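Below: one structure, written as structure tokens.
The values are calculated or read from the model by the stated rules, or taken from the named source; none is laboratory data. Since this is a predicted model, take the numbers as computed values, not measurements. Methodologically, a virtual Cβ is constructed for each residue, glycine included, from the backbone with ideal geometry; neighbour enumeration extends over all protein chains shown.
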Amino acid sequence: MYGATSATQQRVMVWLAWLLTMLILWQQPSVLAADQVGRLAEGAGAVLADTPGWELFPWWPRWRWRKWALVAYRRWQTAHRRALRTAYLARLALNGTLSLAAIVDWLTKQQLRRQLGALPVLYAVLEALQVESTINRLCPQTREVANGTVALVLILNRLLAPRPLQWVATWYAQTMLVHKVGVPAAKLNDDRLARTLDALAPHCRDIWLAVVSRALQLYDIDLRLLFYDLTAFVVQGDYAESDLVQFGFAHNTPMDKRKFKVGLNVTADGHIPLDYWAWAGNTADKATVESNLQRLCDLLRAHGWTPQQVLLLGDRATLDDKLALTYDDHDIRYLACLQPQKTAHVTLVKELPEAAFYRQPLTAARGPDGYWGVSVAVPFAHQAATATHRGLVVLSGPMRSALAQTPRQALSRVMAGLAHHPGAGGATGRPLPQCARCAGARGDPVAPLTRRPIRERQRHGGHRQHSTALAGSAGGPGRGHAARRPLSAGHQ
């Protein structure tokens, strides 16, 4: 049982005070003499706000009435213009300029736009995918309205005109679904919709796999190229007892918010989410790859595909030494970026001469916008097991230019700080800062300085920087052997 809030109690007390005042004045208007009223007024006092408003006078409007008046005026203006247009068409019809058939055609188009829209197309697609029957089969309902019917209405509402649950019935009553589905709008109240969502929650994955299986058969989706990645959803509210909603790291999401992650396998043909899995918000991306490979291989075999026929694309969070051997175990080809952290991988990148890249351009662009690549054999080792996959070390022109700016800008800030700090290393007796971070840590002023052109810096011995990425492929001979087949390149 919930009690009234302090604001509500205050409003009630104000109304009671005014009611009591009015009753006193109405029942006994002359109960006090004039001199007594004056003496009473002198001894009485009231504390008012600086600008008294609806707190003391509750019948005053609390909302921005001008805004709502403007909205009402605009609605009236729109209705007035529509009425003028209708009267104009009526005069044309009476004069014989406009035929009755043209008027009926115009009214029919307006009605179809309001009542149909894209519903016939979307309803036909959902009917072909057997969404309603699949939900009724996997999540049966003994009440008057089946779960499949309610879910069908929710899906169409989400695709066409998303509404809160309490407004779905109003939208439903204005569409042709009332006649097609045969369920009165009053039956689709927000309580029924919420109960249906609760009933569907334990069966969501089974329902999705059944619908995807129907789509693969009906539309002949090509599964030779798949993408795997995770996306994070930030949630608001209290989820202290949830196993999925946790604090954790995810790109482009705040660290102080709870979140959960969803791993998706998406087809390149049609961009269809083939399979998904929910993960806790504190789960590392690499920890999801192995179980995803197992589920994906089972799904592919269930639809007549072998893992060797599929190429799985992922980012650098989907590849390390252990995962490279896992790809071999499942006999599936992959293309992913490798962040060189081990000594063998870092040495493999650093030992490549720069001239070797320029002999193998990957794009037609040159200079800062160009890309070059050198094919290499990438070794992987984990728990006495080894494998060698074919990879590509990429020289990225845009990333090289971006990385070259960082040390030059840091040196410019240090030199500018020294120019504005003549006592550094002299009168103060302190040594010169070795970098911009050291200068900022000890309080030396820093400021931007005009940088020299790149060509001039290169003539004075500027060092070269290039970004690299290793892309490997499984699908060759067993572990400890050379790669079996090359794949495309990946870059970081």
Review point. Among (1) exposed (fewer than 15 other Cβ atoms within 10 Å of the Cβ); (2) not in a helix (DSSP H, G or I), where does VAL183 come up short?
Key: (1)
Review point. Out of curiosity, is GLU144 charged (D, E, K, R) and either within 30 Å of LEU264 (Cβ to Cβ) or within 24 Å of the chain's Cα centre (by Cα) (or both)?
Key: no
Review point. Within segment 246-266, is there a residue that is of a type in the set (Asp, Glu), surrounded by fewer than 19 Cβ atoms within 10 Å (Cβ to Cβ) and at pLDDT 90 or above?
Key: no
Study note, to complete from the structure: Checked against (1) closer than 14 Å to ALA324 by Cα; (2) over 33 Å from the mean Cα position of the chain (by Cα), VAL349 satisfies every condition except (1)
Practice item. Could you please find all residues in segment 374-406 being touching a Pro at 6+ places or on another chain (Cβ under 8 Å) and at pLDDT 90 or above? Key: SER375, THR386, ALA387, THR388, ARG390
Review point. Would segment 280-287 turn up any residue that is closer than 23 Å to GLN217 by Cβ and either surrounded by 13 or more Cβ atoms within 10 Å (Cβ to Cβ) or out of contact with any Lys or Arg (no Cβ under 6 Å at 6 or more places or on another chain) (or both)?
Key: no
Point to revise | Among (1) under 24 Å from the mean Cα position of the chain (by Cα); (2) surrounded by fewer than 15 Cβ atoms within 10 Å (Cβ to Cβ); (3) closer than 30 Å to THR318 by Cβ - the single one LEU160 does not satisfy | key: (3)
Exercise for review: Please name all residue pairs, on different chains or six or more residues apart, with Cβ atoms under 9 Å, provided the first residue is in segment 81-93 and is assigned by TED's automatic domain parsing to the domain that holds VAL104 and the second residue is of a type in the set (S, T, N, Q) and surrounded by 11 or more Cβ atoms within 10 Å (Cβ to Cβ).
Suggested key: ALA93/SER99
Review point. Name the residues in segment 138-191 that are closer than 19 Å to VAL212 by Cα and touching a residue at least 60 places away in the same chain (Cβ under 8 Å), would you?
Key: LEU138, CYS139
Check your understanding: Is it fair to say LEU299 is in contact with a helix residue (DSSP H, G or I) (Cβ under 9 Å, 6 or more places away or on another chain), assigned to a strand (DSSP E or B), touching a residue at least 40 places away in the same chain (Cβ under 8 Å) and assigned by TED's automatic domain parsing to the domain that holds LEU244?
Key -> no
